[in-house]
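A.B. asks: Got a structure for you, questions after.
The values are calculated or read from the model by the stated rules, or taken from the named source; none is laboratory data. None of the values given here were measured: they were computed from a predicted structure. Here the Cβ positions follow ideal geometry from the backbone for every residue, glycine too, while neighbour counts run over all protein chains shown.
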Amino acid sequence: MSGFLDDCRRVVGASHVLTDSADTDPYLTDQRRRHTGKALAVVQPASTEEVAAIVRLCNTQLVPVVPQGGNTGLVLGSVPDDSGTAIVLSLARMNRIRKVDALNNTLIAEAGCILQRVQHAAIEAHRLFPLSLAAEGSCTIGGNLASNAGGTAVLRYGNARELCLGLEVVTPQGEIWDGLRGLRKDNTGYDLRDLYIGAEGTLGIITAAVLKLFPLPKAQPTALLALNTPDDALNLLALAQTQCATALTGFELMSGYCLRLVRRHFPQFTFPLADAHAQYVLLELSDAESAEHASTAIEKLIHDALEQQLVQDAVIATSLAQSQALWELREAIPLAQATEGQNVKHDVSLPISAIAAFIRSTDRLLQDAFPGAQPVTFGHLGDGNLHYNVAAPAHEDAQSFMAKQSDVNRIVHDNVHRFGGSISAEHGLGALKREEILRYKSAVEMNLMRSIKRALDPLNLMNPGKLV
C-alpha cells in the first residue's frame, strides 16, 4: 500500500502520515489499555477538504477508516482492530473555533476542538456551553457528538444531541455535507444531523458542528447531601424538581463505598461530611437571577429535605473553590476504582422511577451468584444514567474475578433489560458491546440500523466492526 500512503502524504503532508510504531502507538491503544490494534498509518488532516480527499483515496483503495478524536472512549470505538488494514484518521489538527455568534447563542467548532476549549470560548463571549464530563480536558467535540456524550448537566441542558444545531460531515464517498445551520427550526426533510450524532463514525465523519450556547448563570450553588437509600434520593429528586424546576442542573448519586474508595486513594481531598452514610447526592442549581436568590432556594430545599427525613446531613459550598472540591469527589470515583484494582464496568440507563428497585434487585442477584462482590454505584440520577460497576469480593483476587466478567454482565444487563433500560447510556457500543446488544434489541430494530449503514456506507469502510 506504499502508493496509497504516498497519495495520503501528498494530501496532508509527509509529516502528518505516521507509520513508525513510536508515533502510532498512542492512537492504537484504547483509553483503558485493554486493546491495542494495528493500522496502515495514522493520518492527520488539517481541514475538511483534506478529510474528504483522504476518504476518497480510501474509497478507491477499499481502505477502512477509523475516525479518532481524543481517544477517550470506553467501548473500543475509536481504535482499529487487529487486521492492520485500516487507517486511523486523527482529527486533532482540526481544532479551530470558526465562529461565535453571541446573539444567536451559537458557536461553530471543528471536530478536533477539545471540549474544555469550547467551554472557555463560550465564557469569553459571556455564554455557557454546558456539556461537562471528567475527560473534558482531552475529549473532543467530534467524539462527544459521535458518541452522543452525556455528562453532569444533562438533567437541565440535555446530552450532546440536544446541544447541537448543525453539522458538517464528510460522507463515506468523500463528499462534504455542509449542514452548519444555526437554526432552531428547519422542517425541510429528514433530520440528517441526528442520524450522524451517536453513530460512532460508522456513517460518516463529523468535521465541524454548530453548538448551542446559553446565558451564563448568575450563581451555581452546590451541596453534598447524605442519605440512607436510593429511594430517599429519588424522593429528594422529586422535591428538588418541584421546588427548583429548571434551575436544577446536576443531581449525582454516589454510594458510600464510592466515597470510601476516594478517601482511601486520595486522602488529600477534603471530605466535608462524615463518611459513614450509605448514599450521597451531589446537587447543583444554576440560577439566572442572583446569588442571594440561589442561596435561598438551595437552603430551603435542604431544610425541607431534612424535615422530611430524606436527608441525614448536608453541606453547602460557600465558594467556588468549595464547589469545585465537591465535584472533585464525584469525578475522582473512576480514578479511585482504577487504583483499587480492576472491576467490571457498566454504563446503563433506566427509567428514573425504577433506579432504586433496580439497585436493590441487582445487588441481591450478584450476591447470590458472587458472594461478597462489591457494587460501586454512582451516576447521573437526574437523567437515569447509572454506572453500576462491580468489584471483586475482598477474599478474591481481582484478576480471577475479571475472568467472570461475562457472567457478571449477563446478570446486570439482563436485569437492566427487565426494568426497561438500556445497556449503554452515554458511552456507546463500539466494538465492546456490538455483539452484546443483539441480546436486547429486536431483529426489526437491528435490521433498520443495518439498512441505514448499507445505504450510506455500502463498502463498509467507515469504522467497521463498531456499533452494527
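A.B. asks: Does Lys441 meet the test of being at pLDDT 95 or above, in a loop (DSSP other than H, G, I, E, B) and outside the structural domain of Ser78 (by TED's automatic domain parsing)? Before the answer, list the steps.
C.D. replies: Working: at pLDDT 95 or above: yes; in a loop (DSSP other than H, G, I, E, B): yes; outside the structural domain of Ser78 (by TED's automatic domain parsing): yes.
Criteria met by Lys441.
A.B. asks: Of the residues His387, His380, His395, only one is more than 19 Å from Ile423 (Cβ to Cβ) and either in contact with a Gly (Cβ under 8 Å, 6 or more places away or on another chain) or assigned by TED's automatic domain parsing to the domain that holds Gln31 (or both); which?
C.D. replies: Every option except His395 fails the conditions.
A.B. asks: Only strands (runs of 3 or more DSSP E) wholly contained in the range 45-128 count here; list those with 3 or more residues that are among the charged types (D, E, K, R).
C.D. replies: In the range 45-128, the matching strands (runs of 3 or more DSSP E) lie at 97-101.
A.B. asks: Could you run through the range 279-293 and say how many residues are in contact with a strand residue (DSSP E or B) (Cβ under 7 Å, 6 or more places away or on another chain), exposed (fewer than 15 other Cβ atoms within 10 Å of the Cβ) and assigned to a loop (DSSP other than H, G, I, E, B)?
C.D. replies: 2
A.B. asks: Given the criterion in contact with a Cys (Cβ under 8 Å, 6 or more places away or on another chain), more than 30 Å from Phe419 (Cβ to Cβ) and surrounded by 15 or more Cβ atoms within 10 Å (Cβ to Cβ), identify the matching residue among Ala336, Ala325, Ala317, Ala297.
C.D. replies: Values: Ala336 fails: more than 30 Å from Phe419 (Cβ to Cβ); Ala325 fails: in contact with a Cys (Cβ under 8 Å, 6 or more places away or on another chain); Ala317 fails: in contact with a Cys (Cβ under 8 Å, 6 or more places away or on another chain).
Criteria check complete, one pass: Ala297.
A.B. asks: Which ones in the range 159-168 are in contact (Cβ under 8 Å) with a residue 60 or more places away in the chain and assigned to a strand (DSSP E or B)?
C.D. replies: Glu168 - this is the single residue of the range 159-168 that is in contact (Cβ under 8 Å) with a residue 60 or more places away in the chain and assigned to a strand (DSSP E or B).
A.B. asks: Please enumerate the residues belonging to the range 31-44 that are in a loop (DSSP other than H, G, I, E, B) and either at pLDDT below 95 or of a type in the set (Val, Ile, Thr) (or both).
C.D. replies: Gln31, Arg32, Arg33, Arg34, His35, listed by residue number.
A.B. asks: Going by what's in this entry, would Leu224 be described as at negative phi and in contact with a Pro (Cβ under 7 Å, 6 or more places away or on another chain)? Before the answer, list the steps.
C.D. replies: Numbers: at negative phi: yes; in contact with a Pro (Cβ under 7 Å, 6 or more places away or on another chain): yes.
Here the answer is yes, as Leu224 does meet what is asked.
A.B. asks: Looking at the range 83-99, which of the residues that are more than 26 Å from Leu211 (Cα to Cα) and out of contact with any Lys or Arg (no Cβ under 6 Å at 6 or more places or on another chain) is surrounded by the most Cβ atoms within 10 Å (Cβ to Cβ)? Steps first, please.
C.D. replies: At the first step, the residues of the range 83-99 found to be more than 26 Å from Leu211 (Cα to Cα) are 83-87.
If we keep only those that are out of contact with any Lys or Arg (no Cβ under 6 Å at 6 or more places or on another chain) as well, we get 83, 85-87.
Numbers: Ser83: 13, Thr85: 15, Ala86: 23, Ile87: 26.
Restricting to residues being more than 26 Å from Leu211 (Cα to Cα) and out of contact with any Lys or Arg (no Cβ under 6 Å at 6 or more places or on another chain), the top hit is Ile87.
A.B. asks: Next question. Can you name the residue in the range 20-41 that is polar (S, T, N, Q) and surrounded by 13 or more Cβ atoms within 10 Å (Cβ to Cβ) and is also nearest to Thr140 (Cα to Cα) among such residues?
C.D. replies: By that ranking, first place goes to Gln31.
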